[in-house]
Amino acid sequence: MFAWLAEKGKEFHFTPVLEFDALNRYVYETKFLEDLLQKYPTIKLCLDTGRLFLQEKIDPFFDARQVIQTYTKYAFSIHLKSMKVTASGVEFVHFPVLPEWKPEEGWVPIEDYLTIIRKENPHVKIMFEHRSDQVTEEQLERCYRWVKDLLSKPHESTSSSNSI
């Protein structure tokens with residue numbers, strides 16, 4: 001499939017982008033997928049912060065931060081959104097990311113994720129995949145400003161800024 005996708009991307013001048021959904025242990029506990037992405041560098045990934053977080057909550061073997069660490073370098077885009085997962089269930093799906101939503105209260109650890117993303121692939125495209133009607137205009141502006149600030153922070157190996 002990877003050989004075919006790479007060839008079709010070349011033939012039709014597009015970048016094939018595969019989005020992670022529910023990953024099985026074969027993908028996240030082996031180098032199989034990473035080896036394929038290295039062999040076919042024109043194929044890219046889309047990582048979804050909400051899906052990765054939810055899988056970590058329901059799969060005792062899954063580590064979202066480790067998956068982000070491993071696969072962000074192959075990412076074309078990041079679908080950025082939040083949600084809250086507690087013992088009562090999943091709430092606020094496709095919610096805008098805000099600094100006041102604390103991981104210890106069940107929210108996606110967006111700051112941790114973006115810190116890894118900034119380090120591993122500072123030029124990845126960020127797609128806000130939230131429902132902006134769930135917050136006020138002021139909160140929405142704060143969401144965008146916070147993400148821009150997090151992605152623009154220099155880290156030890158570079159001081160380049162990111163565009164959103």
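The values are calculated or read from the model by the stated rules, or taken from the named source; none is laboratory data. These figures come from a predicted structure and were not determined experimentally. Heads up, the Cβs are rebuilt from the backbone with ideal geometry, glycines too, and the neighbour counts pull from every protein chain shown. The protein model used for the area step is the full one, side chains on, heavy atoms only, and it has no ligands, DNA or RNA in it. Shrake-Rupley method; radii C 1.70, N 1.55, O 1.52, S 1.80 Å.
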What is the residue count in segment 71-93 for residues that are touching a Gly at 6+ places or on another chain (Cβ under 9 Å), polar (S, T, N, Q) and open to solvent by less than 20 Å² (accessible area, probe 1.4 Å)? 1
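Just for segment 94-111: of the residues that are open to solvent by less than 70 Å² (accessible area, probe 1.4 Å) and out of contact with any Phe, Trp or Tyr (no Cβ under 8 Å at 6 or more places or on another chain), which one is farthest from Ser152 (Cα to Cα)? First the steps, then the outcome.
Quick first cut of segment 94-111, residues open to solvent by less than 70 Å² (accessible area, probe 1.4 Å) only: 94-101, 103, 106-110.
Now narrow it down to the ones that are out of contact with any Phe, Trp or Tyr (no Cβ under 8 Å at 6 or more places or on another chain): 94, 100, 103, 106.
Details: His94: 24, Glu100: 19, Pro103: 22, Gly106: 26 Å.
Filtering segment 94-111 for residues that are open to solvent by less than 70 Å² (accessible area, probe 1.4 Å) and out of contact with any Phe, Trp or Tyr (no Cβ under 8 Å at 6 or more places or on another chain), the one farthest from Ser152 (Cα to Cα) comes out as Gly106.
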I'd like the residue in segment 112-135 that is of a type in the set (S, T, N, Q) and part of a helix (DSSP H, G or I) and, out of all such residues, is surrounded by the fewest Cβ atoms within 10 Å (Cβ to Cβ). Gln134
Can you pull out the residues in segment 1-27 that are open to solvent by less than 40 Å² (accessible area, probe 1.4 Å) and closer than 20 Å to Gln55 by Cα? Phe20, Leu23, Val27
State yes or no: is Gln55 open to solvent by 70 Å² or more (accessible area, probe 1.4 Å), out of contact with any Pro (no Cβ under 6 Å at 6 or more places or on another chain) and either more than 30 Å from Thr136 (Cβ to Cβ) or not acidic (Asp, Glu) (or both)? no
Among residues of segment 29-45, those that are within 26 Å of Val108 (Cβ to Cβ) and either open to solvent by 70 Å² or more (accessible area, probe 1.4 Å) or touching a residue at least 40 places away in the same chain (Cβ under 8 Å) (or both), counted: 2
Among (1) within 23 Å of Val17 (Cα to Cα); (2) of a type outside the set (S, T, N, Q); (3) part of a helix (DSSP H, G or I), which single condition is Leu150 missing? (1)
